[in-house]
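Report on the structure given below.
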Amino acid sequence: MTHKRAKIRDAIVAILSDIPGWGGRVKANRTRPTEIHELPIRLVYTLSETAALATVGRSIVRTLSVAIELRVAVTSDLDAALDVDAQKVEAALAGSPKLGGLAMGLVLRSTVIGLDGEGESRQALATLTYDVQYQTDASGV
């Protein structure tokens, strides 16, 4: 049986894939080497999770940190490109904060912007980290 964590990650990928022009450019994948011809690309992966026993019943309340990494080619307007992509992510997730019933809610915790690579493979990136709160039974389902 699939852990709810994976379902949450897949739901975020599906929501972001519905953004016009993003189909096929959103991957449920940890950071990996990306080639210039793949850009722009968006990577969705989990970072960490905390868990606590719910106050009522035997369920577990979890807070999952999800990274959404936006990668674009380095150009003269890279900051604008990252800002536009970040705004699209924020708007898409604000429109579905419960991820189709999988989550109790989500909130943007941080955004980190930087550069990666060298020479012709240099890329600009912004990583948006969201905290997603959800509940499971003890098995994680």
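No value in this document is a laboratory result; all are computed from the given coordinates. Bear in mind the structure is a predicted one, so any value in this text is a computation, not a measurement. In this analysis, Cβ positions are derived from the backbone assuming ideal geometry, glycine residues included, and neighbour counts consider all displayed protein chains.
Find me the longest stretch of the chain that has none of the exposed GluC sites (Glu not before Pro), where exposed means in a DSSP loop (not H, G, I, E or B) with at most 15 other Cβ atoms within 10 Å.
36-117
Taking the Cα atoms only, what angle lies between the long axis of helix 78-94 and the longest principal axis of the chain, rounded to 10 degrees?
20 degrees
Indicate, rounded to the nearest 5 percent, the antiparallel portion of the DSSP beta bridges found entirely in the chain.
Roughly 90 percent of the DSSP beta bridges within the chain come out antiparallel.
Measure nothing but the geometry: give the 0 to 90° angle between the long axis through the Cα atoms of 4-17 and the longest principal axis through the Cα atoms of the chain, rounded to 10°.
Compared with the principal axis, the helix lies near 40 degrees.
With a cut-off of 8 Å between alpha carbons and a minimum separation of six or more residues, what is the relative contact order of the chain in percent?
With pairs under 8 Å counted, the relative contact order is 27 percent.
May I ask you to compute the full-extension gain from Ile36 to Ser17, defined as 0.36 nm times their residue separation minus their alpha-carbon distance, rounded to one decimal in nm?
Difference between extended and current length: 4.8 nm.
Between Arg58 and Ala80, what is the label-to-label distance in nm when each label sits 7 Å out along the Cα-to-Cβ direction?
5.8 nm
Length gain on complete extension for the stretch Ala94 to Leu108, per 0.36 nm per residue less the alpha carbon to alpha carbon distance?
4.1 nm
Leu115 to His3: FRET efficiency via 1/(1 + (r/R0)^6), r the Cβ-Cβ distance, R0 25 Å, to the nearest 0.05?
Working from the Cβ atoms, E equals 0.15.
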